[in-house]
């Protein structure tokens, strides 16, 4: 083997140093790249955890949300009540003190879910109108006793064709000056008036 002179040895050493520096640089870049990937994955996991926590908190707030419901008719304490957002008719009745003895319990859909701003009407025994009759405030104008025809009168709770005909006959001779005058019509007493008063007017 040929002996290397001093200059050739220096060149070989320099090449070796350059090679070592190159290898070190490549390894360092790979290490930095792997750390970036690890950090990215870690951040993504953290974001998912935060998102999960936020969704869990939002879900909790939804469960605790309150709604306002107006219940009238044959319950012991009619009026405005506050319920949880997942409540049903049975919960509204319980909150209103329960049913009166003359409430037509067989026709009540206790399982029906209630919604915010809903008005629930509980009729008395013998009413023709379906118990599921409910009306949101502002949904439509009240029935004017002085101008309503038979069809409009029959939309009122507890008013069927026969009672509507009696109202029309009464109106042929008298004008309804106030809503309480409807009790002058045969077959309409205080209990039925209580069921009607929120839905009728005189103009």
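Here are some notes:
- Any hit, segment 105-118, residues being surrounded by 17 or more Cβ atoms within 10 Å (Cβ to Cβ), modelled with pLDDT of 85 or more and either within 21 Å of the chain's Cα centre (by Cα) or within 26 Å of residue 187 (Cα to Cα) (or both): yes
- Sole residue being in contact with a helix residue (DSSP H, G or I) (Cβ under 9 Å, 6 or more places away or on another chain) and under 22 Å from residue 104 (Cβ atoms), chosen from 192, 162: 192
- Some residue of segment 140-147 being exposed (fewer than 15 other Cβ atoms within 10 Å of the Cβ) and modelled with pLDDT under 85: yes
- Among the conditions (1) farther than 24 Å from residue 158 by Cβ; (2) touching a helix residue (DSSP H, G or I) at 6+ places or on another chain (Cβ under 9 Å); (3) surrounded by 15 or more Cβ atoms within 10 Å (Cβ to Cβ), residue 81 misses just one, which is (1).
- Unique match (being modelled with pLDDT under 80, over 20 Å from residue 199 (Cβ atoms), surrounded by fewer than 19 Cβ atoms within 10 Å (Cβ to Cβ) and more than 13 Å from the chain's Cα centre (by Cα)) among 50, 90: 50
The values are calculated or read from the model by the stated rules, or taken from the named source; none is laboratory data. Note that the structure is a prediction, hence the values are computed from the model and not measured. When we count neighbours, we look across all protein chains shown, and the Cβ atoms used for this are built from the backbone with ideal geometry, even at glycine.
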